[in-house]
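Each reported figure results from applying straightforward, stated rules to the coordinates on display, with no laboratory input. Just so it is clear, the model here is predicted, and its values are computed rather than measured.
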Amino acid sequence: MNSALKNIISLLVVLVFAFLGYYIFIQDGQLNAEGTGSQISSETLENTKLFIERRAILDAIQIDTSIFENRQFLSYRTFSTPIQPRPESRDNPFAEFNRASDISANTSRF
């Protein structure tokens, strides 16, 4: 087969795939617009109304944040103790584990 024939066949294959893709895309859009549109739109309408009602309820809520600016609230202090940093592991985790210092260092953290 010569190169001109290969080019023509390749072009035809590409055009067929492009046409099929376009056709499927158009058919999918028509099915969604016509098929079960009335059922979907009524469910969507009910869900939208419910969302709008709940949004109105949430918008009506007023939260008083003045407690966070109160002198008594600001006078609270924490009683937590800071965590002291400790070594988490050995310098070389692949080294032999037979020295007494390694054993005592690793068991003291538990």
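Fully extending the segment from Asn70 to Leu58, taken as 0.36 nm per residue of separation minus the present Cα-Cα distance, adds 1.7 nm.
Whole-Hz Karplus values for region 15-22 come out as 5, 5, 5, 5, 5, 4, x, 5 Hz, taken residue by residue from phi with 6.51 cos²θ - 1.76 cosθ + 1.60 and θ = phi - 60°; glycine and proline positions read x.
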